Amino acid sequence: MSGEAMFEMLARALERCGVAVELRDLADDDINVKSGLCEIGGRKTLIIDERLGEGGRAAAALDALRSQDTEGIFVPPAVRKLLNDE
């Protein structure tokens, strides 16, 4: 499975958990900004550096999904396996 397809599945699972997923250019010469979870306007949001490759985007989404309660939502089997393979 491609990294982009995996990222899309992870992003959909995050959205089912109530986490918005945004790709943004996090380039900044003055500070080192990384992808991660935050809260914007009272809503959980995962901001991912759009300069990351497919694998980096998927890894950031997987890390965020691991911090969410996925018991009551549908998670594709391939994603569930990744969650359990810590």
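The values are calculated or read from the model by the stated rules, or taken from the named source; none is laboratory data. Quick caveat, the model's predicted, so the values are computed rather than measured. Neighbour counts run over all protein chains shown; Cβ positions are idealised from the backbone, glycine included.
Brief remarks on what is shown
- Where strands (runs of 3 or more DSSP E) sit wholly within region 20-86, those with at least 3 residues that are modelled with pLDDT of 90 or more and closer than 20 Å to residue 6 by Cβ occupy 20-24, 43-49.
- Among the conditions (1) surrounded by 16 or more Cβ atoms within 10 Å (Cβ to Cβ); (2) out of contact with any strand residue (DSSP E or B) (no Cβ under 9 Å at 6 or more places or on another chain); (3) not in a loop (DSSP other than H, G, I, E, B), residue 4 misses just one, which is (1).
- Residue within region 50-58 that is without any contact (Cβ under 8 Å) to a residue 24 or more places away in the chain, more than 15 Å from residue 8 (Cβ to Cβ) and of a type outside the set (A, V, I, L, M) present: no
- Pairs where the first residue, in region 4-30, is closer than 11 Å to residue 60 by Cα and the second is polar (S, T, N, Q) and assigned to a strand (DSSP E or B), C-beta under 8 Å, 6+ apart: 21/45
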